[in-house]
Each structure stands twice: as C-alpha cells, then as structure tokens.
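Down below is the structure, laid out as structure tokens.
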Amino acid sequence: MFSAVRLTPKLLILFGIPTLLAFVIVGGVVTQQASDRFSTEITDSTQELSEAGAEAISQWLDTHTAFVSALAQSEALSSDEPDRISEFLARQGEHMSDEYEVLIFVDTEGTATYHHGGEQTDLSGRDYWQNLVEEQQETQAISDPVHSASTGNPITVIAEAVTDERGEVVGLVAVTVTLDTLADVVATATDRTGALPWALGADGLTVAHPDEDVRMEQNALESGDEDYRAIAQRMVDGERGVGTFTDADGTAYTASFAPVSGLSGWSLGIAVPESELMAAARDLRQNLLVIFGAAVLVLGGIIVLVARRIARPIAATSRALGEIASGDADLTQRLEVQTRDEVGELASNFNAFVDRMQELIGSVSDASTQLSASAEELSASVRETSGQLREQQSETEQVATSMNEMAATIQQVAENASDASEAARRSDQAAHSGADVVQENANEIRQVAEQAETAAGVVQQLNQDAERVTKVLDVIHEITEQTNLLALNAAIEAARAGENGRGFSVVAEEVRKLATRTQSSTEEIREILDTLRGRIEDAAQAMENGRSSSNQAVTIAARASESLGAITDSVSTITDMNTQIASAAEEQSAASEEINRSLNQIKATIDATASGASQVASASEEVARLAADLQDRVGQFRVR
C-alpha cells in the first residue's frame, strides 16, 4: 500500500514523522524539566518568604520586649512606693502606642496596678507572675494568646521581672499587646496571588489569619484535614519545611513554614495554591508548544519543498514517457537538466533515449515515404500493362471470330474452347485466391478497427481521469483560498495581540505564502490539464476517423469479394459455353487446327501475362497500403 503513495507524500512521511517524533520527545522532556524546575524554585522562594515572615514576627516581638525591658529598668517601679509607681504608669500610658491595651505593674503579692488608675486586681494566679515572681525561673515571659477580659480583643501579655538595686525581684511590669498588628505583619509576609499566610501559637491556636472567623477561634491541631493537622503539629514542634493540604473548598495548597525565634512553639506558615505554583510552568509549556509547533511547520514546509524539488523532474520524465507510450509524442522536446545528481542523470539519459528514438523514427518515416512512392509507381506501371494486355486480348478475340467465320469446321474452335476452359479454370483459381486475399485484408482491417475502438476507449477513460483531476484541483483551489483567508485573519488577530502575537503573525504569514504558492501551482496544473484534454480530444477524433476509415475499407473488401464471386460464376458459364463450342466444332477442327494452335499459344501467353499483372497489381496495392499505414503510425511522433 505504501508503494502506491506518490513520491512527495512518501518523502514527507519518511522525513516528517521521525522529525515530529523527535520534536515531541524533546519538547516533552524540556517542558517537564522546566516545570519541575519552576516548581522547585517557587517552593524554595515560598520557604524563604515563610522564614522572612517568621523573622518579621520575631522583630515585631523584639520591639515590644525591648519596650517592656526599658520599663523594667525604671527606678520608679523598683522604689516600692505605690504612688510613684502609679504616677509612672500613668505617665507612660499617656504616650503608649495603640498596640498596647494595658500597662501593668504586679508586686510580689500579686496585686496589679494599671496605668489608667483602675481598681487593683489579683493576678497571682497568672502563669507569667508565677514564673517571674514566685518561682523566678525566668526574667521575661510571653503568655499564650487570649481574648482580653475588658475589650474582647485577642492579646498576648509580655512581662519582665523588676528588680531593686540589690537584684531582688520586687514585682513585674507587663503590657497587653493586641494581635491585630501581628495579623498585619503576617499579612505582609507575601504578596503572591492567592497566597494564605497564617501564624500558630505554642498550643496550635491560630493567632493570625486573613479570615477573622478563624483567627483566635480555630486550633490547627484539631483540624478535620489530616494533612493540615500534620503540618500544624510540625509547626508547633518548631520544625521548618514544606507540606501540602486541601481546604474545605477543595483547593490544593503547598505550604512552607518556619518557627519564630524568641517564641517557643510559635510558627509562621505561607500556603500557595498549587494552580498558582504551576501557572508559570503552564505558560512556559504553552510557549514551548507554540515554538515547537512553529518549528515543525517550518521544517515540514522545507521537507515539502525539497520533496517537490526531487519529485518534479521525475514526474516530468514520467509524463514524457507516458506521452511516448501513448503514441502521440513530440520527440523534439527535451527535459531540462538542473542538477548533477541521480535525478539529473535520469533527465540526461532520457534525453539521449529521445534523441535515439527521434533519429530512428525519422529514418523509418523517410523509408516509408519512399516505399509508398515506389509502390504508387509500380501500381501505375501495372495498370498500364494491364490495359495493353486487354487490348491484345481484344485483338485476339477478333482474330478468333474471323477464323470461326472462315473455317469450314470448328475443330480448331473446339480445341480453342478446350484451352479457354483451362484458362477459365485458372481464372477461377485466381478469383478464389483473390477472394482469400480480400478476406485476409478484411480481417486485418477489422483488427485495426478493433484496436482503434480500444484506443478510443482508453482515450475516453483518460479524458474522464483528467475530468476527475480537474475536480480535485477545484477542491484544492477552494482549500487554498480558505487557508489564505484563515492566514489573513490569523495575521490580523496576531497584529491585535501586539508583541505577544508576533511569532504567531510570522507563522500566519508563512501559511499565507504557502497557500498562495499552492494556488499558483494549482492554476498551472489546471492549464496543463486543459492542454492535455485538448490533445486527448484530438486523439479521440483521430481514432474515430481511423475507425470510420477501417469500416469503409471492410465494406469495400466485401464488395470486392462479391465481385470475385460474380467472376467465378461467369467463368463457370464460359466453361459450359466452350464445351458446346467444342462439340459443335469437332467436325471442322482439321482445317483450322494450325491456326487455332497459333491462336491458343497467343491467348495462353496473354492470359498468363494478365494473371501475373493482376497478381503484381494486388501485391503493389498491399505494399502501398502497408506503407501508408506505417507512415500514419510514424506520423504520430513529431521528429522535426
């Protein structure tokens, strides 16, 4: 089946499919490697963002702990003078940042004094008081996030022990810091589209989150999603790393997290939707597909051009050989030799073959012309001889008539009648031979007519094939027009796309050029087909004329056969008459024997000469017919 494919598609298949497979494999490998690299780089950058966010929280915390440490160094708080302490707290409270809700001093008994002068309360049950004052395990403490009892806002308490000049702990100073500013710090940890930053406390409580309904309300360690719960546990354990989870809406996230230095158990996480992570990879994949597609189209165009350059001279050689095989060829035309490769050698050898054919057919044409002329001259000479013989026969008959009138007996006439019977028998044989020759000629003419009929059918089929090729060319013409229009529309859209559509515009322009060239080639093929159809119609007309001539020749041969039959009948009648004459002239044969013998000799000579002339005439006519037929066949080739 593949052997029946034309040369251009065959070359396109042999070179195009391996090239396309190579592009597909290379494109797939490059795209996958690029996607993996983008995913790794984006994950690493997200990890860096989470660590930077954790560092920002640590700096936020350092700012507040530094403020508390500065307050703890105040002599007013270590003076053990309640009024002085209240005055100091009030003065500091006036200039205190909005990030702080309450400034507190708690003595060794657990009694708390507030900067706003409110009623003193007992805070001896708080963990940070027990840790710093009662147990004195640390000098600074940060409480877990809680809701403020007075405002309801989420807060954390930062406290530091206050010592006197002897270094003994006389109480602690503390501030309640609202976590709204922490949420702002966490929110600025990333500006990536769709990213979700959040922070967890030591107990897994979500202390910062873009969703206020989640902030201070959701404990990540109690999440219903197993993957998110595992990430939360790693965050509380102080680990840094990357994980994946899916939220309640079904959105898949890749999360990176890092611990906050200075806050045990606190950690910051940044979750980025996996669709955003792969957006750049998708864009790269699409760009690579466009580039590889354009490269495949360009390479395919090059392969088509090369295949056509190879196939065009071979097709021209095939068409020329087809014309020669059809019997209607111009042997003066030669193929153009454009290359020195095997295709060029094929064209050169074809031209040499046509040179030899032209020389041979020219010689045959000249010989057939000479033969036809010689046959015409011989035929004319034979016709002249036949006329002279007919005159001699007429004179001999006159002498015989005179002898019959003068002879007392017709014995000699009887002998002449016997000779005439013998001549009639020979004439009958010659007539039968002529009828056989005529029948053979009629059979040959019928074969020629049948061959002409077959050739006419082949020419008609060739004309139908040309019609089908014309229809296919019409379809190709319409396709090229549509392709040209689509390429123009694609170029307009690419122009609208601006810089991003430049590559597509180039491809559209190449497609338009290819469509234009295809349209031009289609028109050239159409012109060639129109010329070929005209020649086919001329050949069909010539075949029809030949067939008509053959039928006419068959009719003439039939008439000649009928005439020979009539001659045979006439010879039989003459034989009967000679018999009667012989019977009547037996009594008178003695007197005219010598004269009749002479007349018989003369008549025999004339009859033999006439018979030979008739045979020569038939042979010369056959030679003339064969020469004319040969000249007609050779005349189908144009050699000059």
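Observations on the structure shown:
- Qualifying residue in region 250-261 (condition: surrounded by fewer than 19 Cβ atoms within 10 Å (Cβ to Cβ), outside the structural domain of PRO154 (by TED's automatic domain parsing) and closer than 17 Å to ALA54 by Cβ): yes
- In the set SER256, SER267, SER261, only one residue is in contact with a Phe, Trp or Tyr (Cβ under 6 Å, 6 or more places away or on another chain) and in contact (Cβ under 8 Å) with a residue 24 or more places away in the chain; that residue is SER267.
- Hey, TRP129 surrounded by 13 or more Cβ atoms within 10 Å (Cβ to Cβ), touching a Pro at 6+ places or on another chain (Cβ under 8 Å) and among the aromatic types (Phe, Trp, Tyr) or not: no
- Test: residue in region 88-103 that is over 30 Å from GLU55 (Cβ atoms), hydroxyl-bearing (Ser, Thr, Tyr) and touching a helix residue (DSSP H, G or I) at 6+ places or on another chain (Cβ under 9 Å): no
- Scanning region 218-237 for residues that are in contact with a strand residue (DSSP E or B) (Cβ under 9 Å, 6 or more places away or on another chain) and within 15 Å of ALA248 (Cβ to Cβ) turns up GLN218, ALA220, SER223, ASP225, GLU226, ASP227, TYR228, ARG229.
- Of all the residues in region 137-169, those that are hydrophobic (A, V, I, L, M, F, W, C) and over 16 Å from SER69 (Cβ atoms) number 3.
- Checked against the criterion of being modelled with pLDDT of 75 or more and over 22 Å from LEU305 (Cβ atoms), the candidates ALA497, ALA542 yield just one match: ALA497.
- Residue satisfying all of: in region 145-162; surrounded by fewer than 17 Cβ atoms within 10 Å (Cβ to Cβ) and either more than 20 Å from ASP211 (Cβ to Cβ) or assigned by TED's automatic domain parsing to the domain that holds GLU212 (or both); modelled with the highest pLDDT among these: SER148
The values are calculated or read from the model by the stated rules, or taken from the named source; none is laboratory data. Computed from a predicted model, the values in this text were never measured in an experiment. Backbone-built Cβ (ideal geometry, glycine too); neighbour counts: all protein chains shown.
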